[in-house]
1. Inside the stretch 44-97, can you point out the residues that are at pLDDT 90 or above, loosely packed, with under 12 Cβ neighbours inside 10 Å and within 27 Å of residue 24 (Cβ to Cβ)?
2. With the structure loaded, tell me whether residue 88 is on the phi < 0 side of the Ramachandran plot, free of Cβ contacts under 8 Å to residues at least 24 places away in the same chain and out of contact with any strand residue (DSSP E or B) (no Cβ under 7 Å at 6 or more places or on another chain) or whether it fails that test.
């Protein structure tokens, strides 16, 4: 799993912005809805349909299903236990004309 889903809680302003105005139980209920199987299936189908580009982890759409089969249980647990922190997005500079 190394490099695919770093696990630690957000800190500083990042953590405050992510949870402002909600209780821990509200956050947990929201995350339960996020990881609900029907929601995850819909999200997976959308990624397949739009041929999502690899992120900083270089995981391709073609590799996603096999990766999820192995790693989804630990990713889901990390999300529900508030230990998951996604990697930064890859920056791409687009030249201006």
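1. Within the stretch 44-97, 73 is the sole residue that qualifies.
2. no
The values are calculated or read from the model by the stated rules, or taken from the named source; none is laboratory data. This structure is a prediction, so every number in the text was calculated from the model and none was measured. Backbone-built Cβ (ideal geometry, glycine too); neighbour counts: all protein chains shown.
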